[in-house]
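A quick write-up on the structure given underneath.
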Amino acid sequence: MKAQSSQGMSADISERISLERPPASDAFISIVLAPDKENVSVAKTAFARWIILSGLTLAVFMDALNGTIFSIARPQIMGAVSATPDEVSWINLGYLIAKVAFLLAAAWLVDRFGETPNLFWSVSLVAMASIPCAMNVELEAFVFARVAQGAAGAVLLVSAQAILFRLFRKQQQGVIQAFYALGVVMAPTTLAPAVQGWFTDQFSWTWTFWLNLLICAVVMLFLIPYRSCLPRTSRKCPQFDWIGFMLIGLAAASLVYVCLEGPRWNWFDDGHILLWTSIGLGALALVIFWRVLGQNRSQIFERQVFTNAQFAFGFLVSFIAGFALFGSAFLFPAFALGVLRMPPQDAGFLLLPSSLSVGSGLLAAGALVTWKNVNPFKFVPLGVVLVMTAMWMLSWSSLESGGHDLWLGLLLRGFGLGFLFLAVTLIALDRLNNRHLASGIGLFNFGRQMGGIIGISFLSTYLNNQVALNRRILIENINPANLPFRERQGILAQALQNHGLNPGSVVEGTATLIQKTIQAQVAALSFNEAFFSLVLL
């Protein structure tokens with residue numbers, strides 16, 4: 001009886017892994033490791049698959065922690081490594097550049113060596129690279145460790161999602177991808193900032209990297225007992241295109257640097273931003289030239305994936321949704337810290353309630369797709385309308401706003417993003433065959449990541465421009481001929497005298513208070529306009 005069950009389980013897994021297998025001319029080799037005898041009775045159950053799913057979701061949560069730590073603890077990190085703002089920015093730039101470049105290269109690695117070996121190696125590398133980050137090493141070593149984290153995180157994302165598409169049947173992908181998205185979508189924009197804000201405020205930012213080691217141990221505990229159930233699909237790939245990869249890496253590095261540093265240097269008014277832009281555009285032109293010259297040359301990913309209309313649509317929507325997702329996640333902590341003057345812990349917790357709505361939206365959409373067979377396309381307009389409504393509500397915030405004033409908008413945003421991202425994931429990836437799956441996953445994640453980077457860059461620039469504009473408009477009201485201004489000035493002067501300020505210093509003190517009030521009003525107005533820009537998007 002056990003032998004029959006074992007054979008059934010092996011056949012079941014083999015059938016799922018070989019779904020939509022390309023013709024023999026593609027030289028596609030699918031390898032399914034035979035289950036160990038001592039694990040076969042457990043591995044055949046649905047419980048074993050859910051353990052694998054849980055382990056993969058925890059694994060991508062490690063990448064979420066690495067991706068958001070810099071935005072929460074930048075001042076603390078800068079002080080710890082004794083670096084200038086320009087120097088410390090490379091801790092984040094190195095991570096993002098490596099991640100963007102390897103999201104494209106990860107497809108070749110997964111196709112050539114299989115999902116499971118890449119998964120275990122990438123999880124281990126993320127954990128090992130966390131050790132020097134947590135030990136406050138020199139800046140150069142810190143940047144190198146972050147580059148390793150970014151590269152390993154990219155391979156981790158592609159390997160984990162490829163495993164899920166090959167391990168579970170198509171009919172199950174709705175709820176499976178919803179659960180997995182808790183680590184990919186919900187964690188980096190809601191849960192991770194809350195955890196890091198708490199660590200930074202109560203203990204130390206380094207605890208985030210030590211937490212990676214603990215999560216890695218739990219992931220291994222979840223996956224190693226069932227490693228024989230994990231797919232190990234590989235195929236004979238052309239040689240890795242090192243020249244193409246270096247050119248793409250140079251183009252990605254230039255684009256990421258220009259997007260993240262451009263707002264600080266007023267874009268093309270600064271010579272080195274103009275130089276990096278020229279380098280990036282030149283590298284991109286060389287990539288196109290390199291590919292056109294050699295159609296049969298070795299490649300990094302399958303370009304034919306864009307001939308799938310659903311993937312092309314999903315890739316585009318993923319880019320725009322990444323803009324809104326990471327852009328809004330950038331705005332909320334900045335608004336809480338800079339305008340509402342919340343401590344890091346409270347700023348992190350501001351997004352925590354919306355994590356519940358993101359998770360609820362993901363799981364509700366996944367359940368409807370899996371058990372009610374609802375077309376994922378129907379969730380796209382619903383998600384868009386909910387996010388638009390949320391951003392419109394948040395665009396009415398003020399200096400007196402507290403967490404209770406923002407929660408409804410944050411909850412609606414989370415619910416809408418949950419529906420939107422699950423729908424886009426299924427639309428883009430559900431119908432890709434085995435040959436194109438890894439490339440599709442890498443490109444899909446690349447689109448979301450680049451959308452987020454460009455979104456943050458755009459909103460940073462827009463905020464700076466609106467701050468300058470609003471300050472110029474409000475300062476026009478500081479005029480002795482303006483009756484409301486004179487009344488306000490008199491009230492403040494009287495208040496300062498009542499508090500014992502020397503009469504000779506009253507005029508200077510009043511001017512200082514008015515200046516601070518204007519700065520606060522300018523910031524509040526500018527953030528509201530940034531929130532509304534996402535409504536228009």
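Label-point separation (nm) for PHE113 and ASN373, each offset 7 Å from Cα along Cα-to-Cβ?
4.2
Multiply the residue gap between ASN266 and THR517 by 0.36 nm, knock off their C-alpha separation, and tell me the result in nm, one decimal place.
87.8 nm
Please state the shape class of the stretch 68-114: rounded when a/c is under 1.5, otherwise prolate if a/b exceeds b/c and oblate if not, all from the C-alpha gyration tensor.
It is prolate, given that a/c is not under 1.5 and a/b is the larger ratio.
Tell me the per residue accessible area of the stretch 156-215 using a 1.4 Å probe; a whole number in Å² is fine.
I get 28 Å² per residue for the stretch 156-215.
Measuring from label point to label point, each 7 Å out along Cα→Cβ, what is the ASN433 to TRP207 span in nm?
Roughly 5.2 nm, to one decimal.
Using the basic label-point model (7 angstrom from Cα toward the beta carbon), what is the LEU275 to GLN304 distance in nanometres?
Between LEU275 and GLN304, the simple spin-label model gives 4.3 nm.
Starting from the Cα of PHE47, move 7 Å in the Cα-to-Cβ direction to define the label point; list residues of the stretch 202-229 whose amide nitrogen is under 18 Å from there.
Within reach of a label on PHE47: 221-229.
Give the ranking of LEU411, LEU53 by solvent-accessible surface, highest area first, calculated with a 1.4 Å probe.
Correct descending sequence by accessible area is LEU411, LEU53.
Roughly how many Å is it from the Cα centre of the stretch 64-112 to that of the stretch 311-371, as a whole number?
20
Using only the Cα atoms of the stretch 357-480, each taken as one equal point scatterer with no solvent, compute I(q) by the Debye sum, divide by I(0), and report log10 of the ratio at q = 0.14 Å⁻¹.
Each listed q corresponds, in turn, to -0.80.
Can you give the Kirkwood hydrodynamic radius of the stretch 346-414 from its Cα pairs, in Å with one decimal?
Value: 13.1 Å, from the Cα pair sum.
Multiply the residue gap between GLN76 and TRP121 by 0.36 nm, knock off their C-alpha separation, and tell me the result in nm, one decimal place.
Contour length minus the Cα-Cα distance gives 13.2 nm.
Could you report the accessible area of TRP276 in Å², rounded to 10, computed with a 1.4 Å probe on the protein chains as they sit in the structure?
That residue has around 80 Å² of solvent-accessible surface.
Report the full-extension gain for the segment ILE131 to THR461: residue separation times 0.36 nm, less the Cα-Cα distance, to one decimal in nm.
115.3 nm
Can you give the three extents of the C-alpha atoms in the stretch 172-229 along their principal axes, from longest to shortest, in whole Å?
Computed over the Cα atoms, the extents are 41, 26, 10 Å.
Considering only protein heavy atoms and a 1.4 Å probe, what is the carbon-and-sulfur percentage of the accessible area of the stretch 142-225?
Within the stretch 142-225, the accessible surface is 75 percent carbon and sulfur.
Kindly provide the trypsin sites (Lys or Arg not before Pro) of the stretch 224-280 that DSSP labels as loop, not H, G, I, E or B, and whose Cβ sees at most 16 other Cβ atoms within 10 Å.
Hits after loop and neighbour filter: LYS236.
The values are calculated or read from the model by the stated rules, or taken from the named source; none is laboratory data. Keep in mind it's a predicted model, so treat the numbers as computed, not measured. When we count neighbours, we look across all protein chains shown, and the Cβ atoms used for this are built from the backbone with ideal geometry, even at glycine. With ligands, DNA and RNA removed, areas are computed over all heavy atoms of the protein, side chains included. Shrake-Rupley method; radii C 1.70, N 1.55, O 1.52, S 1.80 Å.
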